[in-house]
Amino acid sequence: MEITLEAPLDMHLHLRDGDMLKLVAPLSADFAGAVIMPNLVPPITEPGGMVAYGERIREAMGETDFTRYMTLFFTKQTEQQLEQAMGTPGFFGYKLYPAGITTNSEGGVANLKEAESTLKMMEERGIPLLVHGESHGFVMDREAEFLSVYRTLAETFPRLRICMEHITTAAALELLDTYENLCATVTLQHLIITLDDVAGGALRPHLFCKPIAKRPGDRDALLQAALNGHPRLMFGSDSAPHPRCNKEACGCAAGVFTAPLALPKLAEIFAAHGAADKLQDFVSGNACRIHGLTPSAKTITLHDKPMQVPAVYRSYGQQVVPMYAGEEISWSIRN
Ligand code: NCD
Ligand code: ZN
């Protein structure tokens with residue numbers, strides 16, 4: 001069996017910088033493009049830094065045609081800064097992090113009330129707002145506690161396109177269905193694992209990410225929504241590589257590295273559930289329609305021939321361990 005995908009997109013990707021960027025960028029090259037997260041150290045807040053980072057990504061990617069949808073770290077930008085960003089080629093939107101909520105987000109927003117004038121201007125200009133939606137509460141409740149913030153944002157700014165990034169709960173899906181101006185991304189791992197896979201037996205650091213994987217009912221609801229072709233749910237891997245020594249450590253960094261196996265694993269899941277015909281919209285069609293994107297032409301064919309996932313990806317002095325390290329996935333990319 002085969003599935004052919006036109007212009008698959010990863011709507012939430014961490015590519016890092018320096019040697020790590022050189023290692024991981026080519027591993028996303030089967031995608032036609034991706035929304036690139038700005039949480040470098042320091043974060044990308046200015047169009048100049050964004051353009052320079054985009055160039056480093058282009059170099060690291062190699063020959064392939066890959067559309068970079070660049071984001072800026074939201075810092076209550078002024079009107080002039082918004083105008084400047086909009087006039088910069090490659091700019092896609094702003095990523096809002098509550099201060100200190102995840103990797104390199106210390107400079108995020110502490111009080112959303114103070115951000116309202118910027119959000120209003122974004123609404124007027126059609127600039128999307130991408131949100132890491134977690135509170136500072138108990139780890140399992142952080143997303144649920146943030147839903148009231150999404151609700152307020154969706155009601156206060158009814159024309160602002162708000163993307164709930166990496167949703168992990170059935171409750172988030174319910175909210176998504178309540179407001180037309182909300183859309184959402186979901187990762188590969190949150191369609192598959194629960195907290196039990198992370199911490200139910202021996203602790204598995206390579207499955208630890210933020211938001212943390214939740215309950216079986218949440219995972220099942222997300223998977224069903226994806227398989228049923230939810231029109232406002234998009235694939236965003238949140239592939240977040242960390243050096244192996246920072247994952248297999250006392251104080252494990254948050255992030256699951258899935259970029260090189262995401263498309264084969266998605267094909268395996270969608271085919272196993274008889275939903276192969278829904279994969280195109282999940283990995284591209286919904287995003288193109290919602291955001292009006294026209295990515296580089298790229299056709300990828302997947303087939304039900306196994307892929308062996310490497311135990312570790314290694315080069316430029318970097319080592320990163322992927323999800324399913326050393327295991328087999330029953331689908332692969334047909335070259
Ligand atoms: C991401 C990272 O490492 O940059 N980590 C993660 O667990 N998802 C940041 C993020 O998206 O929260
Ligand atoms: Zn992320």
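The values are calculated or read from the model by the stated rules, or taken from the named source; none is laboratory data. Note that the structure is predicted; figures quoted are calculated from it, not measured. Cβ atoms come from the backbone with ideal geometry, glycine included; neighbour counts cover every protein chain shown. Calculation scope for accessible area: heavy atoms of the full protein, side chains included, ligands and nucleic acids excluded. Shrake-Rupley method; radii C 1.70, N 1.55, O 1.52, S 1.80 Å.
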Open item on the list: Looking at residue 168 and the list (1) under 28 Å from residue 15 (Cβ atoms); (2) in contact with a Lys or Arg (Cβ under 7 Å, 6 or more places away or on another chain); (3) surrounded by fewer than 21 Cβ atoms within 10 Å (Cβ to Cβ); (4) in contact (Cβ under 8 Å) with a residue 40 or more places away in the chain, which single condition is not satisfied?
Closed with: (3)
Open item on the list: Quick check on the stretch 182-192. Is at least one of its residues assigned to a helix (DSSP H, G or I) and either among the polar types (S, T, N, Q) or in contact with a His (Cβ under 6 Å, 6 or more places away or on another chain) (or both)?
Closed with: yes
- [ ] Residue by residue through the stretch 100-128, note down the ones that are farther than 17 Å from residue 181 by Cβ and either at pLDDT 95 or above or within 14 Å of ligand 2 (Cβ to nearest atom) (or both).
- [x] 101, 102, 103, 104, 105, 108, 117
TODO: Please specify each residue of the stretch 230-254 satisfying the condition of being within 18 Å of the chain's Cα centre (by Cα), farther than 17 Å from residue 12 by Cα and more than 16 Å from ligand 1 (Cβ to nearest atom).
DONE: 230, 231
Task: Which listed residue is loosely packed, with under 13 Cβ neighbours inside 10 Å, small (Gly, Ala, Ser) and modelled with pLDDT of 95 or more, from 330, 315 - done: 315
Open item on the list: Can you pull out every residue in the stretch 283-335 that is among the hydroxyl-bearing types (Ser, Thr, Tyr), more than 23 Å from the chain's Cα centre (by Cα) and part of a loop (DSSP other than H, G, I, E, B)?
Closed with: 316, 330
TODO: All but one of (1) over 27 Å from residue 285 (Cα atoms); (2) open to solvent by 40 Å² or more (accessible area, probe 1.4 Å) hold for residue 63, so report the exception by its number.
DONE: (1)
Open item on the list: Among the residues of the stretch 7-15, are any free of Cβ contacts under 8 Å to residues at least 60 places away in the same chain and touching a strand residue (DSSP E or B) at 6+ places or on another chain (Cβ under 7 Å)?
Closed with: yes
Open item on the list: Given the options 103, 71, name the one that is closer than 18 Å to residue 20 by Cα, within 16 Å of ligand 1 (Cβ to nearest atom) and either surrounded by 20 or more Cβ atoms within 10 Å (Cβ to Cβ) or of a type outside the set (Lys, Arg) (or both).
Closed with: 103
- [ ] Look at the stretch 41-60 and say how many of its residues are in a loop (DSSP other than H, G, I, E, B) and open to solvent by 50 Å² or more (accessible area, probe 1.4 Å).
- [x] 3
Task: From 61, 37, residue being more than 16 Å from ligand 2 (Cβ to nearest atom) and in contact (Cβ under 8 Å) with a residue 24 or more places away in the chain - done: 61
- [ ] Mind telling me which of the residues 321, 283, 309 ends up being touching a His at 6+ places or on another chain (Cβ under 9 Å), open to solvent by less than 40 Å² (accessible area, probe 1.4 Å) and of a type in the set (A, V, I, L, M, F, W, C)?
- [x] 321
Open item on the list: List pairs: first residue in the stretch 191-212 and acidic (Asp, Glu), second residue modelled with pLDDT under 95 anywhere in the structure, Cβ distance under 7 angstrom, at least six positions apart or on different chains.
Closed with: none
